[in-house]
């Protein structure tokens with residue numbers, strides 16, 4: 001399918017959103033009322049998915065991974081633009097159909113894009129959002145003594161194929177952004193062992209992880225090193241937040257979602273990353289997360 | 001260079017823009033005052049540049065091609081986010097340095113991005129802008145009888161290497177957006193023979209091109225079919241606008257830029273694309289533009 005044919009097929013499938021100028025324009029346009037945000041995420045054949053992956057799931061994953069960044073900010077989607085670099089052996093229309101379906105599931109219209117030829121399938125999704133409430137969360141804003149908490153169980157995402165169906169945590173992100181006791185937030189894509197130190201570093205802190213307290217996903221095989229899997233597998237797309245330790249019980253009590261908010265570590269003043277060793281003493285964190 | 005090292009090196013080179021939250025966040029954030037817009041453009045190894053291209057020029061081209069869409073809308077840049085999929089044999093930092101230098105030349109801060117491994121270099125740039133004046137131009141808004149005009153000479157971009165150094169026409173785009181006699185605008189990336197019919201189609205029109213009137217760039221070799229080169233070569237990144245025919249003389253007189261605005265065709269009511277044949281009669285346009 002040539003670029004023009006693909007664009008024509010896509011235009012038949014998408015509808016312009018109210019108040020946002022979209023497909024068919026060089027730029028999509030919108031007049032926002034408040035704080036807005038932008039994030040880009042790319043998925044690449046052989047890195048984020050296999051050469052024989054279902055093209056619809058590839059599109060779905062690309063959309064969900066990008067939307068997850070909006071969710072972590074406590075934003076709601078305004079729209080998305082997509083750069084599709086597609087080799088002839090991939091069904092580019094199916095990729096885009098999976099992508100559009102996932103965007104629509106989160107009320108995010110496709111507003112435009114760019115399609116090119118390629119030898120390797122790359123789908124780069126830029127999502128545009130606005131604050132769902134009064135503020136947007138960020139990786140920054142936390143400090144020494146804050147608790148690190150996660151919104152759901154981690155690990156086993158790659159082996160189980162769950163990584164192709166990430167679930168952006170919009171409701172959880174909006175709730176966290178509305179709480180004054182939540183200081184910083186990000187989504188977990190590279191694994192807690194990689195992402196928690198990043199969050200700490202952004203706040204000029206170090207972190208202590210509590211691997212025994214990290215909730216382990218059912219997708220982690222029973223016979224495996226489940227603690228390591230939960231900390232290192234990556235592609236969980238749960239949210240990691242830094243919250244006021246003094247208000248942690250209040251947050252736990254108020255948390256309205258079925259899966260509990262779980263404590264997985266602390267921010268500390270000294271740069272670095274540690275965890276408790278077998279004898280209860282702190283040792284440098286023995287793992288790093290997954291790097292794409 | 002690993003992803004984390006690349007990001008650290010980039011952070012040392014970019015500075016947060018006033019009022020815009022950028023690098024180091026999952027989302028960049030901004031509170032706009034008026035109409036905003038978004039556009040994405042990807043450049044791919046083997047499609048838009050050769051495997052032995054200068055990585056700084058690749059970055060420069062990626063940035064300029066994306067900025068050109070803002071220019072065509074009459075927007076000013078607010079910032080950009082970049083998805084870089086980079087094989088080890090490419091110097092990803094040099095790509096990003098060329099990209100950042102080009103963004104900064106147009107006062108466009110780099111606000112964030114995503115880096116991944118790949119076997120083929122792909123640079124996808126999303127630019128965020130706001131109306132430079134009262135409105136944003138679009139491909140739509142024109143009608144039958146409008147003149148098609150271009151902001152500069154066309155052709156020879158690929159053979160001369162000029163395609164690696166596109167010049168976004170921000171001043172011209174802002175001027176066109178400020179004139180009530182300009183009805184629609186786009187930038188010329190695929191060649192007039194491909195892009196003029198696209199502009200016509202968006203307005204439920206056809207077009208007649210005047211190939212003999214199309215200004216030919218000095219980069220087109222003297223002995224070549226210069227008319228065809230000007231219409232078909234592509235990657236010129238001049239602006240194509242549809243303007244009120246009755247006000248064309250006024251626009252010409254008022255046009256403040258050294259290179260004249262030049263008339264290259266008409267929009268007509270009947271769908272299709274034509275040009276004048278050797279005997280002065282209209283014939284179907286014999287060319288289509290470059291398709292990436």
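At-a-glance table
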item	result
Lone unmet requirement of (1) buried (at least 20 other Cβ atoms within 10 Å of the Cβ); (2) in contact with a helix residue (DSSP H, G or I) (Cβ under 8 Å, 6 or more places away or on another chain); (3) more than 10 Å from chain B (Cβ to nearest Cβ); (4) more than 20 Å from residue A:269 (Cβ to Cβ) for residue A:179	(1)
Scan of the range B:205-223 for residues that are over 20 Å from the mean Cα position of the chain (by Cα) and surrounded by fewer than 18 Cβ atoms within 10 Å (Cβ to Cβ), ordered by number	B:210, B:212, B:213, B:221, B:222, B:223
Count - residues of the range B:205-218 that are over 15 Å from residue B:288 (Cα atoms) and either free of Cβ contacts under 8 Å to residues at least 24 places away in the same chain or not in a loop (DSSP other than H, G, I, E, B) (or both)	3
Test set (1) within 14 Å of chain A (Cβ to nearest Cβ); (2) within 15 Å of the chain's Cα centre (by Cα) - residue B:134 fails condition number	(2)
All positions within the range B:189-203 that are part of a loop (DSSP other than H, G, I, E, B) and more than 12 Å from every other protein chain (Cβ to nearest Cβ)	B:191
Residue within the range A:179-188 that is in the same structural domain as residue A:267 (by TED's automatic domain parsing), out of contact with any strand residue (DSSP E or B) (no Cβ under 9 Å at 6 or more places or on another chain) and in a helix (DSSP H, G or I) present	no
Residues within the range B:122-159 that are under 16 Å from residue B:60 (Cα atoms) and outside the structural domain of residue B:87 (by TED's automatic domain parsing), tallied	2
Residue check for residue B:157: at the interface with chain A (Cβ under 10 Å from one of its Cβ atoms) and either crowded, with 23+ Cβ neighbours inside 10 Å or without any contact (Cβ under 8 Å) to a residue 12 or more places away in the chain (or both)	no
Total residues in the range A:71-122, condition within 16 Å of residue B:45 (Cβ to Cβ) and either within 7 Å of another protein chain (Cβ to nearest Cβ) or surrounded by fewer than 19 Cβ atoms within 10 Å (Cβ to Cβ) (or both)	10
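Conditions (1) at pLDDT below 95; (2) touching a helix residue (DSSP H, G or I) at 6+ places or on another chain (Cβ under 7 Å); (3) within 30 Å of residue A:150 (Cα to Cα); (4) not assigned by TED's automatic domain parsing to the domain that holds residue A:124, marked per residue:
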| position | (1), (2), (3), (4) |
| --- | --- |
| A:26 | yes, yes, no, no |
| A:35 | yes, no, yes, no |
| A:47 | yes, no, yes, no |
| A:63 | no, yes, yes, no |
| A:68 | no, no, yes, no |
| A:83 | no, no, no, no |
| A:86 | no, yes, no, no |
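The values are calculated or read from the model by the stated rules, or taken from the named source; none is laboratory data. Bear in mind that the values here come from a model prediction, so they are computed numbers and not experimental data. Note: ideal-geometry Cβ built from the backbone for every residue, glycine included; neighbour counts use all protein chains shown.
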